[in-house]
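In what follows, a structure is listed as C-alpha cells, so that the remarks can point back to it.
The values are calculated or read from the model by the stated rules, or taken from the named source; none is laboratory data. The structure displayed is predicted, hence computed values, not measured ones. Methodologically, a virtual Cβ is constructed for each residue, glycine included, from the backbone with ideal geometry; neighbour enumeration extends over all protein chains shown. Heads up: the accessible areas ignore ligands, DNA and RNA and are worked out on the full protein's heavy atoms, side chains in. Shrake-Rupley method; radii C 1.70, N 1.55, O 1.52, S 1.80 Å.
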There are 2 protein chains.
Amino acid sequence: MKLRTDEIERFERDGYLFFPSLFSPEEIAVLLAEVPRIYAQRRPENVRERTGDVVRTNFAAHLYSAPFARLARHPRMVEPVAQIFGEPVYMHQFKINGKMAFDGDLWQWHQDYGTWKADDWMPEARAMNVAIFLDEVNEFNGPLMFIPGSHTLGALDAAHDVTTTSYPLWTIDHDTIRKLIERGGLVAPKGPAGSMILFHSCLVHASTANLSPWNRVSVYLSLCAVSNHIRRFKRPEYIAHRDFAPIACLPDDCLLREYEVALPWRDGTPASALAPELAG
Amino acid sequence: MKLRTDEIERFERDGYLFFPSLFSPEEIAVLLAEVPRIYAQRRPENVRERTGDVVRTNFAAHLYSAPFARLARHPRMVEPVAQIFGEPVYMHQFKINGKMAFDGDLWQWHQDYGTWKADDWMPEARAMNVAIFLDEVNEFNGPLMFIPGSHTLGALDAAHDVTTTSYPLWTIDHDTIRKLIERGGLVAPKGPAGSMILFHSCLVHASTANLSPWNRVSVYLSLCAVSNHIRRFKRPEYIAHRDFAPIACLPDDCLLREYEVALPWRDGTPASALAPELAG
C-alpha cells in the first residue's frame, strides 16, 4: 500500500488520513474474536475503568496473541507509515482500547507525543498513530475527535491529569483547545469496522464516554521511525517498547493465514518489562 | 401553533417531535443573555457539576427571571402540549441545563416520569417534556439521545444512581437499554439554537459529556395536564412545583416585547419552597 501525493499533502495539512473499510469483515473477525480472551486475563497490561472491572486499555497484545502479532506486521498499516517517514519503523506502543458499551469512559484532550517526549525522551515527533476499528464507530459510541491542523504547532504545554479517568494522561488546557478549534474546527471520523486512521503524534484528540450498547474496540498502534527511538526507559516496557528492530512485514493476507510469529510474552510478562529502568 | 394529524401520529409512534429553528435568533438571544446572571447566583436552585463550580442545572428561573417567565407562557410551546393532552397544562418543572463547554457531564439513561411517579405521586404519564435549544446542538456538545418508541412501555424499573454524576437520578439498567435500542434504534436530534423538541415523559433518554468548546445550554420544561397534578410534596417546590393553575399564554411575540409577568421569587426562594412537605 502506497500513499498518493495528494494523500501525503492532506496528511501534512490536516494531520490525519482516514481509510474506511481498509480491512475486510473476515480480517476483523479474526482480531475481534481474540479480544474477550485478552481482556479476561489478569495481567498488568490490562488497565481497567475506574467504575469497575471493564478493560479501558490493553497493552502489548502483539507479544502474546498471534492474530495481533500478525496485525503488528501488516503491510497495509506499516508501509504507508514507513513511506511518510522515509525509513523503517518499529513498534513503540500497542494498545487495544475498549471504550466498551455503557462503561467506556472519556479521554481528555491530549497529544500523544507530549508523553513520549516527556517520559520516554523520544527525540522528534517522528512516530505515527494508527487506529484500526474493530467495531463500527458511530456518533453514539464515543468516536475519536481530532482538531485538524493542530499537529503543526508541535508539542504543546500539558498538565498531568491523574483524577478524571483511570489512566494518567498529559492533557491540554481549555483555552488552548478553544483557540485550536476556532482555527481548525473539529472532526470525528466514523465508519465500519475495518476502517483505519493514520494520525500525527502531535494531533490533538479526545473522545467522549460511550453510553451506547455498542462496544467501540479499536487497536491503537504507534509506529516510530527507527532512528528516532526513545532514549529513556522510565515507563514499563509493556507501555513503551525497547525493541527498536525494524518491523518486517508479513504478506497482505496475514490476518487470514496462520503465518508463524514469535510470542515472547505468551506465558506472562517478563519481570524486566514491568520495572522501569533509568538507564536507557 | 397547532399540530397536524401526521405530527400527532408521529409523536404517538416515536415519542418525540423535533421543530428545528422554531424560535428566532432574536428571541433566543434574549434568553441566552440572562443565563450568566442566573448561573452566577448563589441559590439552591443552582446544582453544580461534581468537578467544580460550573452549573449543571438551574431550577425554576421562570419565578425570578422575566425573560424565562415569558418563555414559560409561550404559546408556541404551551399550545401543542395542551392540544395533545386535550386539557390545560401547568408547569411541573422548569430547568436550564448547562452542559457547559468542557465541563458538562453526562446524564445516564432514564425516563422522567419514573421520578415523578415515585417521588411526586404524579398519577399518569400525562406530562410532556419540552427542550428548547439556547445554543446550537451538534455531534460534539452532548446532544440528547432518544430511544424511539421506548415511551410505549410505560414506567420501567429503575435504580437510584447517586454516584456517577452530581445530580441523583433514577436510571435504567444496561440490559433493558440494549433491548430497547435493538427494537427502536437510537437518535440524537441536532440543530440550531431556537429548535424545540417535545418528548413523552416515558421516552428513555441520556446524553454524554460535552468535551467541546461549545456550551449546550437548553431549557427543559415539563408541562403536566392540570387534572394529573402531583399528589405528594416530597421534593422541594423549586424542583416539583405545587401551583396547578393552568398556564395563561402571552402573545406570540412575548420574548421580544416586555409583557408584565409576576416574579414571586425575585428576592429569593421562600422557605416553604425549600422544605419538603409530606402532606400533599
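Numbers at a glance
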item: Members of region A:174-185 found to be surrounded by fewer than 20 Cβ atoms within 10 Å (Cβ to Cβ) and either closer than 30 Å to A:S24 by Cβ or in contact with a Leu (Cβ under 9 Å, 6 or more places away or on another chain) (or both), listed by number; result: A:T176
item: Scan of region B:211-234 for residues that are within 18 Å of the chain's Cα centre (by Cα), more than 18 Å from B:L71 (Cβ to Cβ) and open to solvent by less than 10 Å² (accessible area, probe 1.4 Å), ordered by number; result: B:A225, B:N228, B:I230
item: Of residues in region A:22-72 being in contact with a Pro (Cβ under 6 Å, 6 or more places away or on another chain) and not acidic (D, E), the one farthest from A:S166 (Cα to Cα); result: A:V30
item: Filtered residue count, region B:204-253, keeping only those that are within 27 Å of B:A118 (Cα to Cα) and more than 14 Å from chain A (Cβ to nearest Cβ); result: 30
item: Close pairs (7 angstrom Cβ cut-off, 6 or more residues apart or separate chains): at negative phi in region B:59-88, acidic (D, E) and modelled with pLDDT under 95 anywhere; result: B:F59/B:E45
item: Identity of the residue in region B:1-22, part of a loop (DSSP other than H, G, I, E, B) and in contact with a Ser or Thr (Cβ under 9 Å, 6 or more places away or on another chain), that ends up nearest to B:L203 (Cα to Cα); result: B:G15
item: Residue among B:R4, B:R10, B:R56, B:R37 that is open to solvent by 30 Å² or more (accessible area, probe 1.4 Å) and either in contact (Cβ under 8 Å) with a residue 12 or more places away in the chain or more than 30 Å from B:R183 (Cβ to Cβ) (or both); result: B:R37
item: Wholly within region B:78-169, strands (runs of 3 or more DSSP E) carrying at least 3 residues that are under 14 Å from the mean Cα position of the chain (by Cα) and under 20 Å from B:I28 (Cβ atoms); result: B:89-97, B:127-133
item: Tally, over region A:181-195, of residues that are over 20 Å from A:A209 (Cβ atoms) and at the interface with another protein chain (Cβ under 9 Å from one of its Cβ atoms); result: 1
item: Region B:79-92 - residue that is out of contact with any Leu (no Cβ under 6 Å at 6 or more places or on another chain) and open to solvent by 10 Å² or more (accessible area, probe 1.4 Å) and, of those, nearest to B:P251 (Cα to Cα); result: B:E79
item: Test result for A:L250, at pLDDT 95 or above, in contact with an Asp or Glu (Cβ under 9 Å, 6 or more places away or on another chain), crowded, with 20+ Cβ neighbours inside 10 Å and not in a helix (DSSP H, G or I); result: no
item: Selected residue [among the charged types (D, E, K, R) and buried (at least 22 other Cβ atoms within 10 Å of the Cβ)] from A:R42, A:R70, A:R48; result: A:R70
item: Test for B:G154: is it away from every other protein chain (no Cβ under 14 Å), in contact with a helix residue (DSSP H, G or I) (Cβ under 9 Å, 6 or more places away or on another chain) and closer than 27 Å to B:D243 by Cα; result: yes
item: Test: B:L169 is in contact with a His (Cβ under 7 Å, 6 or more places away or on another chain) and either open to solvent by less than 10 Å² (accessible area, probe 1.4 Å) or closer than 27 Å to B:V89 by Cα (or both); result: yes
item: From B:A275, B:A262, residue being exposed (fewer than 14 other Cβ atoms within 10 Å of the Cβ), farther than 29 Å from B:T51 by Cα and either among the aliphatic types (A, V, I, L, M) or touching a helix residue (DSSP H, G or I) at 6+ places or on another chain (Cβ under 6 Å) (or both); result: B:A262
item: Matching entry among B:D120, B:D103, B:D135 (being open to solvent by 10 Å² or more (accessible area, probe 1.4 Å) and more than 14 Å from chain A (Cβ to nearest Cβ)); result: B:D135
item: Region B:142-158, residues that are crowded, with 19+ Cβ neighbours inside 10 Å and either of a type in the set (V, I, T) or free of Cβ contacts under 8 Å to residues at least 24 places away in the same chain (or both); result: B:I147
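Table: residues versus (1) farther than 24 Å from A:E124 by Cβ; (2) of a type outside the set (D, E); (3) out of contact with any His (no Cβ under 7 Å at 6 or more places or on another chain).
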{"residue": "A:L3", "(1), (2), (3)": "no, yes, yes"}
{"residue": "A:R10", "(1), (2), (3)": "no, yes, yes"}
{"residue": "A:F23", "(1), (2), (3)": "yes, yes, yes"}
{"residue": "A:E26", "(1), (2), (3)": "yes, no, yes"}
{"residue": "A:V78", "(1), (2), (3)": "no, yes, yes"}
{"residue": "A:E87", "(1), (2), (3)": "no, no, yes"}
{"residue": "A:G98", "(1), (2), (3)": "yes, yes, yes"}
{"residue": "A:D103", "(1), (2), (3)": "yes, no, yes"}
